[in-house]
Amino acid sequence: MAKVHAIRTGFVQVRKSQRESKGKGIARITNMLFDPEWTEWLPIYAWAIEHEEGVILVDTGETSRVHQQGYFPNWHPFYRRATHFSVHPDEEIGTQLRALGIGARDIRQVVLTHLHTDHAGGLTDLTNTRFWIAPEEYKRASGFGGRLQGYLPNRWPRWWEPSFIRFDSGALGPFEKSMSLTKAGDVLIVPTPGHTPYHVSVVVHGSPMLFFAGDTSYNQQLLIAGKVDGVSPDENISRATLARIGALAKQQPLVYLPSHDPESEQRLLNRSVLSVE
Ligand SMILES: [Zn+2]
């Protein structure tokens, strides 16, 4: 089975009502921005899958440049009110990949679950390899419209040219479509809309299966409870995705690995599987 590395690229703190939403409709947003309570510092994980067809990265984590004056738009309410970062240069993905002995040329493919800054910030550490993103997510994150949504398209490297995901590999359990990343067909992308409308996750077949979930939920307990976060534009779509992951876990043992769950790394090491009622 492929060897997998959890790469923690620093920490983020969000309002508690971002991790688990409070209220309905527009109140979900205002509750998030004006919630006096912060979460504890949460890890920002990216993942490196050492596959025999080449290394596959899931997300790129955050960059220490977040600490530079003016890196974030100070006019944006989300950056003004709702997020804190802590990223040391040694925690960036480039430094950590080198420490693992993974060179830029070993990396064959990078999958971005979505383009929020803490998943795309490490792009500048990578060279031109194949980057997969859902075309609609790329469109949503681009330009001034993207900046209004809280994305930072102005921070993407100039050379960056992503490839667009096409779900042409058929169903995977309750997921109606997928896209295979390997000839062996053992690493796949599946659509997991919710946190953003075109968010994706990555699955590595095996026993147990590994499910790299991006931000489908901030932790495993929230998935089990079917609790939606504060940023998902449509709660029902998010909830349906959480239910689908749960349904897959009933069909076969699966390790659930969201990006910001403090317990993800330990679950990966112990291959602790998700158990749903
Ligand atoms: Zn996100």
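Taking residues in the range 260-277 that are free of Cβ contacts under 8 Å to residues at least 40 places away in the same chain, and partners anywhere that are open to solvent by less than 40 Å² (accessible area, probe 1.4 Å), the pairs with Cβ atoms closer than 7 Å and at least 6 places apart or on different chains are 272/255. Candidates 190, 200, 231: the one that is more than 30 Å from residue 34 (Cβ to Cβ) and touching a residue at least 60 places away in the same chain (Cβ under 8 Å) is 200. Of all residues in the range 243-270, those satisfying the criterion of being among the aliphatic types (A, V, I, L, M) and crowded, with 22+ Cβ neighbours inside 10 Å are 245, 249, 254, 255, 257. Contact map, the range 135-149: first residue closer than 12 Å to residue 197 by Cβ, second residue assigned to a helix (DSSP H, G or I), Cβ cut-off under 6 Å, separation 6 or more or different chains; pairs are 141/153. Considering only the range 94-120, state which residues are within 16 Å of the ligand (Cβ to nearest atom) and either open to solvent by 10 Å² or more (accessible area, probe 1.4 Å) or under 11 Å from residue 46 (Cα atoms) (or both). Within the range 94-120, 111, 112, 113, 116, 117, 118, 119, 120 meet the criteria.
For the range 156-173, the criterion of being open to solvent by less than 60 Å² (accessible area, probe 1.4 Å), within 16 Å of the ligand (Cβ to nearest atom), more than 16 Å from the chain's Cα centre (by Cα) and over 24 Å from residue 19 (Cα atoms) is met by at least one residue.
Total residues in the range 81-123 satisfying the condition of being within 16 Å of residue 202 (Cβ to Cβ), without any contact (Cβ under 8 Å) to a residue 60 or more places away in the chain and more than 15 Å from the chain's Cα centre (by Cα): the figure is 2.
Restrict the check to the range 184-198 and report whether at least one residue is in a loop (DSSP other than H, G, I, E, B), hydrophobic (A, V, I, L, M, F, W, C), more than 16 Å from the ligand (Cβ to nearest atom) and touching an Asp or Glu at 6+ places or on another chain (Cβ under 8 Å). Within the range 184-198 (the criterion being in a loop (DSSP other than H, G, I, E, B), hydrophobic (A, V, I, L, M, F, W, C), more than 16 Å from the ligand (Cβ to nearest atom) and touching an Asp or Glu at 6+ places or on another chain (Cβ under 8 Å)), the answer is yes, since at least one residue qualifies.
Against the definition (in a loop (DSSP other than H, G, I, E, B) and at negative phi), how does residue 137 come out, yes or no?
On the way: in a loop (DSSP other than H, G, I, E, B): no; at negative phi: yes.
When the stated conditions are applied, residue 137 does not pass them.
For the condition buried (at least 22 other Cβ atoms within 10 Å of the Cβ) and in contact (Cβ under 8 Å) with a residue 40 or more places away in the chain, residue 126 does not qualify. Selection of the range 125-155 for residues being more than 17 Å from the chain's Cα centre (by Cα) and of a type in the set (S, T, N, Q) yields 127, 128, 129, 142, 154. All conditions but one from (1) within 16 Å of the ligand (Cβ to nearest atom); (2) among the β-branched types (Val, Ile, Thr); (3) open to solvent by less than 10 Å² (accessible area, probe 1.4 Å) apply to residue 231; the one that does not is (3).
Can you find a residue in the range 175-182 that is more than 16 Å from the ligand (Cβ to nearest atom), open to solvent by 40 Å² or more (accessible area, probe 1.4 Å), touching a residue at least 12 places away in the same chain (Cβ under 8 Å) and of a type in the set (Ser, Thr, Tyr)? So far as the range 175-182 goes, no, none of its residues is more than 16 Å from the ligand (Cβ to nearest atom), open to solvent by 40 Å² or more (accessible area, probe 1.4 Å), touching a residue at least 12 places away in the same chain (Cβ under 8 Å) and of a type in the set (Ser, Thr, Tyr).
With the requirement that a residue be of a type in the set (S, T, N, Q) and open to solvent by less than 10 Å² (accessible area, probe 1.4 Å), what does the range 47-70 give you? If you could, list the steps in order and put the result at the bottom.
Of the range 47-70, the ones of a type in the set (S, T, N, Q) are 60, 63-64, 68-69.
Those that are of a type in the set (S, T, N, Q) and open to solvent by less than 10 Å² (accessible area, probe 1.4 Å): 60, 63.
The values are calculated or read from the model by the stated rules, or taken from the named source; none is laboratory data. Quantities reported herein were computed from a predicted structural model and do not represent experimental measurements. Cβ atoms come from the backbone with ideal geometry, glycine included; neighbour counts cover every protein chain shown. Areas reflect the complete protein model, heavy atoms only, side chains present, ligands, DNA and RNA absent. Shrake-Rupley method; radii C 1.70, N 1.55, O 1.52, S 1.80 Å.
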